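What follows is calculated from the coordinates using simple rules that are stated; it is not laboratory data. Because the structure is a prediction, the values reported are computed rather than measured. With ideal geometry, Cβ positions are generated from the backbone for all residues, glycine too; neighbour counts draw on all protein chains shown.
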Amino acid sequence: MKHSLALSSYAKFMAQSSKKSEDHSTTKYCCVTCGTATDELSHHYKEGVIKIIHCKQCQNPVDPYIELDDLLVFIDFVLLKLRAHRHVLFNIDKIKYNHIIKLCFAFILANAYIKWFHLKNDQYQSIINHDHNIFFALEYGFYVKLIESFLEYAVRFGFILIISMLEYRQDWTKEKSILLFRALVLSSIGQLFILPLLIWSPDHRDYYDILISYIFTTLCHAQVLNASRLLSPLISFLSSTTAILLSKFFVLFFPTNYFLTNV
């Protein structure tokens, strides 16, 4: 009799746990302070009155960023504030999946242009000398750098994807893959900051390349992975650092000169 009661109690407990898990998976938003899942961000009343909902877990407003201008959200995102990263990842409906794909291609093109801009000076000098063969090689070099940039991003994103899948194993889902891709693309925003520096100080490539391409991108990847709740803070930082270094080492061994000299 006692064993049957114990089994029935255990079955009831498992059923309740399964129901809670299903309810959590159907939630759409999250609290930017503690990361607790929630169904809505605010209540809309008559005459356009909007009241922000408070989190049941931490008792703070679920997402105060919905009242702020997009520029302020962008500034906090660049400043690596965890709440801003959670807001951008979970609580913005207007950033669709196709927007993320377009943004990813924009980052790849920007990275390819930066690499192409820093090709050897004798290739640029060939334009002045009207050396059309080398000039063609110069344009051809952009497409080589485009392939190099695409593979660099593939190595970086692929490594973090493998780490995440090993962390979750059978629990890894398609929704987690989409969330991870969204997080990694949005945290690559630092790539665009290099473009103005090409105009202002093109001779200081090493400084801003280390500052933005290595340090800022690594920290941004780690913070957004932490905000996505896919990986722990330590694993997020280690996987981001390793992914950046692997992608940069891949670029060093990419046979760019071979393609350019065999045009």
Surrounded by fewer than 19 Cβ atoms within 10 Å (Cβ to Cβ), among the β-branched types (Val, Ile, Thr) and assigned to a helix (DSSP H, G or I): which single residue out of 217, 241 fits that description? 241
Give me the pairs: first residue in the range 156-168 and assigned to a helix (DSSP H, G or I), second residue surrounded by fewer than 19 Cβ atoms within 10 Å (Cβ to Cβ), beta-carbon distance under 6 Å, and six or more apart or on different chains, which are they? 159/246; 165/172
